[in-house]
1. Among residues belonging to the stretch 8-22 that are under 18 Å from ASN81 (Cβ atoms) and charged (D, E, K, R), point out the one that is most open to solvent (accessible area, probe 1.4 Å).
2. Tell me which residues, restricted to the stretch 46-84, are open to solvent by less than 50 Å² (accessible area, probe 1.4 Å), within 18 Å of LYS21 (Cα to Cα) and in a helix (DSSP H, G or I).
3. Please specify each residue of the stretch 23-45 satisfying the condition of being aliphatic (A, V, I, L, M) and exposed (fewer than 15 other Cβ atoms within 10 Å of the Cβ).
4. Does ASN3 qualify as being in contact with a strand residue (DSSP E or B) (Cβ under 7 Å, 6 or more places away or on another chain) and not hydrophobic (A, V, I, L, M, F, W, C)?
5. Please verify whether LEU83 is at negative phi, out of contact with any helix residue (DSSP H, G or I) (no Cβ under 7 Å at 6 or more places or on another chain) and not β-branched (Val, Ile, Thr), treating the condition exactly as stated.
6. Are any residues in the stretch 34-45 of a type outside the set (A, V, I, L, M, F, W, C) and assigned to a helix (DSSP H, G or I), and if so, which ones?
Amino acid sequence: MKNNIIEENNEKYTVVTLSDKREIKIRHPKGRDVRFMMSGGGQNDSDLLFRLTSNLTCLSEDELENLDAKDCTMLLKEVSNFLA
């Protein structure tokens, strides 16, 4: 599935479609987001990735945890791709 890249308010977003057809915008991270993630206070990599994904999607970590695994994995993978 191809994701769309859009620009709003001088920010770039990748729009992904979940299995329930909801569209989630993932803001493209900036240096401040990397700093936010790195200030995790001893959290492991998966916790930091959840934290960053929550920040970039405006979904709470609880909302991410309650998504279907396929949808959650898709969002986490998309955010990971920004960091690669």
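1. Per the stated criteria, the residue is LYS12.
2. THR57, LEU64, ASP71, CYS72, LEU75, LEU76, GLU78
3. Result: VAL34, MET38.
4. Yes; evaluated as a whole, the condition is true for this residue.
5. Yes; evaluated as a whole, the condition is true for this residue.
6. ARG35, ASP45
The values are calculated or read from the model by the stated rules, or taken from the named source; none is laboratory data. On a predicted model such as this, the values are computed, not experimentally measured, just so you know. A quick note on method: Cβ atoms are made from the backbone with ideal geometry, for glycine too, and the neighbour counts reach across all protein chains shown. Just the protein is used for accessible areas: all its heavy atoms, side chains included, with ligands, DNA and RNA removed. Shrake-Rupley method; radii C 1.70, N 1.55, O 1.52, S 1.80 Å.
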